[in-house]
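All remarks here apply to the structure that follows.
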Amino acid sequence: MVKGRSKKVFPGGNTCKGFHSYYDYIIKPDATRILVIKGGPGVGKSTFMRAIGEEMQRRGFDVEFHCCSSDNGSLDGVKIPAIGVALIDGTAPHIVDPKHPGAVDEIIHLGDYWDEAKMRAAKDDILRAAAKVGRFFRTAYSHLAEAKVARDEMRDYVDEATNKTQLNRLTQELIRDVLDSVPPQYRYFPKIRRLFASAISPQGVVHYMETLLAGLRSIYILKGMPGTGRAKVLARLADAAEMRGLDTEIYHCALEPEEIELLVVPALEAAFLKYSEEIGFDASGLEGVNITVLDLYQYIDRRALDPFIPAMMEAQQRFRTSLNRAIRNIADAKLTHDYLESFYVPAMDFEAIGRKREETLQRILKWAEEIQVGKLPRVSAG
């Protein structure tokens, strides 16, 4: 049996606006089944989901692993697109509750497998640790907001020196040469999916970009400093794809959750990536992919920019300092969260959780079989 492919994304992120969630885009509300996993830290939610995801992948199913931005080794969800099934961590800060209980959604509460007496005995320590985690994240988000202010300053200087006419011409050429290369699909409602491709995590800015770009035919990499218009070009391309009825996967910037970092157009097997120094992704290792690098720096009037260079360098230093301080606080939150888990782990009956996991896996395999033989309707990959 051929092992399925895996894709790694982030459904939520630590951003300049605090924690930002795109959880609603993990799977459509009319899915075959959405299993919402509840329980405290350290009860085994991530392990529960990962084991099922890896087993389904071993059985030949493509699997999406939705990674946690605040814990590099943890998962926030698992999705099996071919059968429309997802397992989702439903605890804070990304609280998820069933929208269609019984018909689509159900809760698996791993808190059913803990020793309540042990939990009550650790109540004061748990409350203190949880409060400390919250303080670390609030501090991290204030530093990320400061990083955004510094980046906006850099962006303003460069924007004034950028030739907008040439930038618009480039955008129109991309729309003509790439998006118009196949007949429009004329869908009334093209599907748009929004997630994060990277995250500001305890280990810095991390990504699994190669899992999103592998298998594509063309990748267009937009290079340039803040203010050269990379995000604006991507936004216009996304709008143009929607107007042409093309489905899109939009991956947003880890720092600025409303900006686009990566745009994938599946029907064209093409992607547009905003290159950034923090991510530093090298696409040259991808096999069979045609890579086009577009350097937007060429549209800058250097003489107009020169007077602002000292101020830009100072703003760049402020940006890096603020980002690093945010990362340190997210890392401290992770360490404190690990300490919080130490009160839950000894109180858990992991053997019983293991049996529940196996029971859940068998139910998922049954749904997959029923879809294959036509007893359940086939689902789209959205």
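Side notes on the structure shown:
- Residue count for the range 165-200, restricted to those that are crowded, with 18+ Cβ neighbours inside 10 Å and at pLDDT below 90: 0
- Picking from residues in the range 222-236 that are part of a helix (DSSP H, G or I) and among the small types (Gly, Ala, Ser), the one that is least open to solvent (accessible area, probe 1.4 Å) is Ala231.
- Qualifying position, being open to solvent by 70 Å² or more (accessible area, probe 1.4 Å) and closer than 30 Å to Cys68 by Cβ, among Asp306, Asp239, Asp282, Asp247: Asp282
- For the range 239-262, a residue qualifies if it is among the aliphatic types (A, V, I, L, M) and under 13 Å from the mean Cα position of the chain (by Cα), and the qualifying residues are Ile250, Ala254, Leu255, Ile260, Leu262.
- Summed over the range 250-259, residues that are open to solvent by less than 30 Å² (accessible area, probe 1.4 Å) and touching a Cys at 6+ places or on another chain (Cβ under 9 Å) total 3.
- Residues that are without any contact (Cβ under 8 Å) to a residue 60 or more places away in the chain, assigned to a strand (DSSP E or B) and of a type in the set (D, E, K, R) occur in the range 246-261; there is at least one.
- Scope the range 285-303; condition charged (D, E, K, R) and either open to solvent by less than 80 Å² (accessible area, probe 1.4 Å) or closer than 20 Å to Gly215 by Cβ (or both); matching residues: Glu287, Asp295, Asp301
- Positions within the range 201-221 being surrounded by 21 or more Cβ atoms within 10 Å (Cβ to Cβ) and assigned to a loop (DSSP other than H, G, I, E, B), in sequence order: Pro202
- Strands (runs of 3 or more DSSP E) completely within the range 59-141 that count 3 or more residues being touching a residue at least 40 places away in the same chain (Cβ under 8 Å) and open to solvent by 20 Å² or more (accessible area, probe 1.4 Å): 105-109
- Top-ranked residue in the range 1-53 [being within 17 Å of the chain's Cα centre (by Cα) and part of a loop (DSSP other than H, G, I, E, B); ranked as surrounded by the fewest Cβ atoms within 10 Å (Cβ to Cβ)]: Lys17
- Taking (1) within 23 Å of Ala129 (Cβ to Cβ); (2) out of contact with any Ser or Thr (no Cβ under 7 Å at 6 or more places or on another chain) in turn, Lys38 satisfies each apart from (2).
- Among the residues of the range 309-339, the ones that are open to solvent by less than 60 Å² (accessible area, probe 1.4 Å), within 28 Å of Gly42 (Cα to Cα) and among the hydroxyl-bearing types (Ser, Thr, Tyr) come to 1 in all.
- Residues that are within 14 Å of Val345 (Cα to Cα) and among the basic types (Lys, Arg) within the range 99-119 comprise just one, Lys118.
The values are calculated or read from the model by the stated rules, or taken from the named source; none is laboratory data. Values in this document were obtained by computation on a predicted structure and should not be read as measured data. Every residue, glycine among them, receives a Cβ derived from its backbone with ideal geometry; neighbour counts consider all protein chains shown. In case anyone asks, the SASA skips ligands and DNA or RNA and just uses the protein heavy atoms, side chains included. Shrake-Rupley method; radii C 1.70, N 1.55, O 1.52, S 1.80 Å.
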